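K.L.:
What follows is a single structure, and I will ask about it in a moment.
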Amino acid sequence: MRDAILAQIQDGHSEIDMLHWTGRAALELVGQGGLGYSFGSLASEMQDDYGDALKALTPSLVSVDLLERLVPWVCGIGPAWLRRLAIDVFPNAGLRRLKSVVDCMTRRSVEIYESKKEALNKGDKDVVQQIGEGKDIMSVLMKANQVASDGDRMTEEELIGQMSTLIFAASDTTSNALVHILQTLAEHQDWQKKLRAELLGAGAGNQISYEQLNRLPLLDAICRETLRLYAPQFSSG
């Protein structure tokens with residue numbers, strides 16, 4: 001991400017949409033840590049249909065707010081294919097857009113799930129060769145699910161649903177938190193300088209481990225204070 005942003009300002013000052021970049025960074029962080037999957041390089045403007053669908057999910061849900069109230073009444077009517085057909089012919093563009101977004105997210109989730117299931121079936125050697133080395137949340141969940149009792153075992157549909165829920169819940173909040181931290185530091189440049197000095201002193205210009213970052217007191221304080229001031233996600237319901 002740093003290299004991509006630097007490339008945009010090579011010719012001098014330029015306005016950068018940091019929410020766009022923190023969104024991409026959050027998706028990649030959650031993808032690797034949560035799913036053991038990479039959504040693509042952060043060093044280019046490469047588009048990702050899953051990322052686009054994720055950003056469109058909340059606006060799409062808002063656009064059909066009134067129709068959502070009908071869900072408990074219609075979700076059990078007929079088979080799934082019939083309900084999908086009804087959405088296609090229903091005169092509401094927002095509803096069809098929401099269906100397209102959900103379909104995109106489901107397709108990618110199924111692809112990731114099938115890849116992880118294949119690696120798990122082949123054994124630990126194949127698992128550790130994946131991103132996250134089998135330590136990501138979904139790998140751990142799938143391993144536990146394999147040995148769970150019949151009463152506790154989740155279906156494949158439920159596991160795939162967990163993937164979309166995890167990505168949606170974690171990436172948006174992470175992106176919001178990151179951009180608020182950057183905004184706060186831009187507004188308080190004295191603390192920005194102090195934080196930069198702490199990071200560079202710890203070797204952040206090169207590779208630095210999570211454990212090292214976690215031991216930096218000023219970085220921890222700034223993250224905590226920003227989260228106190230700006231909740232990454234809130235609900236007015």
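No lab work stands behind these numbers, since they all come straight from the coordinates. These numbers were taken from a predicted model, which means no experiment stands behind them. Here the Cβ is made from the backbone with ideal geometry for all residues, glycine too, and neighbour counts use every protein chain on show.
K.L.:
Jot down the per residue volume, in cubic angstrom and as a whole number, of the convex hull over the alpha-carbon atoms of the chain. It would help to have the intermediate numbers written out before the result.
P.N.:
Working: hull volume 44.8 nm³, N = 237.
Taking only Cα atoms, the chain has a hull volume of 189 Å³ per residue.
K.L.:
Here's a follow-up. Starting from a Cα-only point model with no solvent, please compute log10 I(q)/I(0) by Debye for the range 94-226 at q = 0.15, 0.20 1/Å.
P.N.:
-0.93, -1.10
K.L.:
Could you name the lysines in cross-link range of K122, using Cα to Cα under 23 Å and dropping any fewer than eight places away on the same chain?
P.N.:
The qualifying lysines are K135, K143.
K.L.:
Ok, one more. How long is the gain from L67 to R215 if the chain were fully straight, where each residue apart is worth 0.36 nm and the alpha carbon distance is subtracted?
P.N.:
Values: separation 148, 0.36 × 148 = 53.28 nm, distance 4.84 nm.
Contour length minus the Cα-Cα distance gives 48.4 nm.
K.L.:
For the range 188-237, rounded, prolate or oblate, judged on the Cα gyration tensor with a ≥ b ≥ c (square roots of eigenvalues), a/c < 1.5 rounded, else prolate if a/b > b/c?
P.N.:
Values: a/c = 3.12, a/b = 1.84, b/c = 1.69.
Prolate.
K.L.:
So if each residue of separation counts as 0.36 nm, and I subtract the Cα-Cα distance between R83 and E158, what length gain in nm does that give?
P.N.:
On the way: separation 75, 0.36 × 75 = 27.00 nm, distance 1.96 nm.
Separation in residues times 0.36 nm, less the Cα-Cα distance, equals 25.0 nm.
K.L.:
While we're on this one: With label points built 7 Å along Cα→Cβ from the Cα atoms of K135 and D103, find their separation and express it in nm.
P.N.:
So the label points at K135 and D103 sit 3.9 nm apart.
K.L.:
With a 10 Å radius around each residue's Cβ, average the other Cβ atoms per peptide and rank 109-118, 14-23, highest first.
P.N.:
Numbers: 109-118: 16.4, 14-23: 14.4.
Answer by packing, highest mean first, reads 109-118, 14-23.
K.L.:
Right, next: Any idea how far apart R228 and V74 come out in nm if each label point goes 7 Å out from Cα toward Cβ?
P.N.:
4.7
K.L.:
How far is helix 156-187 tilted, in degrees, relative to the longest principal axis of the Cα atoms in the chain, given as a value from 0 to 90 rounded to the nearest 10?
P.N.:
The two axes meet at around 30 degrees.
K.L.:
Within a 10 angstrom radius of the beta carbon, how do V140, V101, V71 rank from fewest other beta carbons to most?
P.N.:
Details: V140 13, V101 20, V71 9.
Ordered by Cβ neighbours within 10 Å, fewest first: V71, V140, V101.
K.L.:
What is the fewest-to-most order of D136, D103 by other Cβ atoms lying within 10 Å of their Cβ? If you can, show how the numbers build up before the last one.
P.N.:
Working: D136 22, D103 12.
Listing D136, D103 from fewest to most nearby Cβ atoms yields D103, D136.
K.L.:
I'd like the trypsin sites (Lys or Arg not before Pro) in the range 5-73 restricted to DSSP loop residues with at most 11 other Cβ atoms within 10 Å, sorted by number.
P.N.:
Loop-located and lightly packed - R69.
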